[in-house]
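The values are calculated or read from the model by the stated rules, or taken from the named source; none is laboratory data. If you're wondering where the values come from, they're calculated on a predicted model, not measured in any experiment. Glycine also receives a Cβ, built like all others from the backbone with ideal geometry; neighbour counts cover every protein chain displayed.
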Amino acid sequence: MRKSTNRAGEGGADFTCTSRLASNGGVEHFDVVVVGAGTAGAAAAAQLAARGLKTVCLDSRPLGESGARWVNGVAEAAFVDAGVAVPAGEELRSRDHRFQLVCGWGPDRVTVEGHGVLDVDMRLLVARLQESAVARGARLIGGARVAGLQGDVLSTNVGEFRARWFVDASGLSGANLLGSPSVPREDLCSAAQEVRQVTNHAAARAFFERHGAGPGDAVCFTSVAGGYSIVNVRLEDDHVSILTGSIPGLGHPSGRQLIDRFVHENRFVGDVIFGGVRAIPLSRPRDRLVLGRTIAIGDAAGQVFSAHGSGIGAGMVAARLLADALEREAPHDYAVRWQRSYGSVFAAYDVFRRLSQTLTQGEVRELMRAGLIDAASTSAAMQQQLPDMGVRPLVARLRAASRAPALASRLVPALVRMLAVTAAYRRYPRDPARLDVWASWARRL
């Protein structure tokens with residue numbers, strides 16, 4: 001394996017170069033080509049380069065526009081697991097704020113404190129990860145659109161790149177190097193997030209006070225446009241943060257439309273400072289994360305926690321596990337480790353996500369009042385962990401189920417399937433030859 005010498009301070013950061021020809025007239029060879037320079041791709045480039053792998057990272061957009069461009073909630077534990085420094089300064093907009101999950105527009109709610117979720121400015125996180133990749137020796141190239149992969153050569157509009165491995169971190173609508181099937185419309189979350197000016201501070205404070213919240217608290221109105229939908233708002237000094245999500249494929253308004261509706265109905269919300277929209281794939285993780293010399297991470301691998309449509313932390317963790325595996329020249333080990341630990345939880349919650357899409361606002365209210373949606377289960381989902389299934393919590397849930405028997409008759413089978421799916425993913429095969437049989441079993445569950 002050859003180590004790049006293009007480090008910060010040794011000729012500067014190479015952010016805009018094209019592929020150079022090797023001295024023998026052929027295309028320059030890399031250990032790894034990463035396609036996509038957002039959080040997953042930039043984190044992978046940094047981790048791979050740190051392990052001495054000669055790495056180039058490409059993105060179809062200019063590097064300063066790569067990845068998410070808004071505020072995203074990320075569990076602090078994900079940064080620790082990924083080996084990425086926890087955000088600080090301007091990158092960290094909020095830490096462990098009080099969170100209220102409200103059914104519809106109220107009054108029923110669940111209040112969560114100590115959930116360990118950070119509000120992160122993704123623009124600054126992506127920039128930090130890209131700078132880390134360059135400092136560790138990776139080459140980053142923006143405006144590079146993939147034309148095709150043939151054998152060990154990736155063709156792009158800026159040249160050809162030869163490598164031992166190709167990592168697809170280009171997201172839902174990117175290069176699709178593994179040839180994964182498209183995501184059905186009913187499994188696509190339309191998400192939008194904006195940070196906007198506050199034009200009337202008294203009116204803004206009055207709105208949050210009406211909903212039992214103070215400055216810095218998040219109020220998440222759920223089931224406002226189908227069972228799987230939110231309008232999440234938080235007051236930040238003279239700014240207000242608005243996050244929305246829904247599934248238009250099921251006949252509901254989009255995340256963009258939910259923001260527009262909220263702004264129209266609440267005149268204290270002013271002009272946009274920054275933000276963006278994105279379609280997020282909701283599914284269990286892809287069965288196959290590695291195929292020959294191609295590997296998927298992030299959204300391209302279905303590494304999205306579909307219960308609330310977040311894949312930022314998962315992509316960074318996958319980057320570390322992938323770098324560990326490629327350092328040992330064992331790419332399938334990455335798939336085994338991710339699927340058995342994180343994939344098992346993500347797949348289980350996708351069972352619950354499918355159930356939640358069928359719930360009415362009234363049914364969500366009934367689940368809250370019965371105690372089947374409570375602070376403990378909500379906090380676990382926010383941290384992307386399975387809820388405590390010990391004897392005492394289980395007894396409490398059984399008592400809650402007795403208070404909503406009709407809903408329990410739908411919820412209990414889903415919980416049984418969640419446990420079965422968890423067990424299946426923890427048996428993800430170490431032998432790639434057994435993967436097709438395992439995948440058939442997992443699909444049936």
>> Quick check on R353: is it touching a residue at least 24 places away in the same chain (Cβ under 8 Å), surrounded by fewer than 19 Cβ atoms within 10 Å (Cβ to Cβ) and not aliphatic (A, V, I, L, M)?
In response: no
> Out of curiosity, is L322 buried (at least 20 other Cβ atoms within 10 Å of the Cβ) and more than 22 Å from the chain's Cα centre (by Cα)?
Replying inline: no
> Taking region 186-236, which residues are out of contact with any strand residue (DSSP E or B) (no Cβ under 8 Å at 6 or more places or on another chain) and of a type in the set (S, T, N, Q)?
Replying inline: N200
> When you scan region 215-252, how many residues do you find that are touching a residue at least 24 places away in the same chain (Cβ under 8 Å) and in contact with a helix residue (DSSP H, G or I) (Cβ under 8 Å, 6 or more places away or on another chain)?
Replying inline: 23
>> Quick test of your reading of the structure: V71 fulfils all but one of (1) more than 30 Å from T360 (Cβ to Cβ); (2) within 23 Å of the chain's Cα centre (by Cα); (3) modelled with pLDDT of 95 or more. Name the failing condition by number.
In response: (1)
> Is it the case that F79 is more than 26 Å from the chain's Cα centre (by Cα), at pLDDT 95 or above and among the aromatic types (F, W, Y)?
Replying inline: no
> So which residues in region 234-248 are buried (at least 21 other Cβ atoms within 10 Å of the Cβ) and among the charged types (D, E, K, R)?
Replying inline: R234
> What residue, of L129, L172, L178, is outside the structural domain of S356 (by TED's automatic domain parsing), under 18 Å from the mean Cα position of the chain (by Cα) and modelled with pLDDT under 95?
Replying inline: L172
> Could you count how many residues in region 373-403 are at pLDDT below 90 and buried (at least 18 other Cβ atoms within 10 Å of the Cβ)?
Replying inline: 3
> So which pairs qualify, if the first residue must be in region 289-309 and in the same structural domain as M418 (by TED's automatic domain parsing) and touching a residue at least 24 places away in the same chain (Cβ under 8 Å), the second must be surrounded by 24 or more Cβ atoms within 10 Å (Cβ to Cβ) and of a type in the set (D, E), the Cβ gap must be under 9 Å, and the two must be at least 6 apart or on different chains?
Replying inline: none
>> When you scan region 329-344, do you find a residue that is exposed (fewer than 13 other Cβ atoms within 10 Å of the Cβ) and not hydrophobic (A, V, I, L, M, F, W, C), even just one?
In response: yes
> Counting residues that are under 26 Å from D121 (Cβ atoms) and touching a Phe, Trp or Tyr at 6+ places or on another chain (Cβ under 7 Å), which helices (runs of 4 or more DSSP H) fully inside region 235-350 reach at least 1?
Replying inline: 312-327
> Can you list the helices (runs of 4 or more DSSP H) found entirely within region 366-426 that contain at least 3 residues being within 29 Å of the chain's Cα centre (by Cα) and closer than 29 Å to R337 by Cα?
Replying inline: 375-382, 405-425
> Can you tell me which residues in region 285-314 are within 23 Å of G255 (Cα to Cα) and of a type in the set (S, T, Y)?
Replying inline: S306, S310
>> Please go through (1) at pLDDT 95 or above; (2) surrounded by fewer than 16 Cβ atoms within 10 Å (Cβ to Cβ) for T222 and return the number of the only condition it doesn't satisfy.
In response: (2)
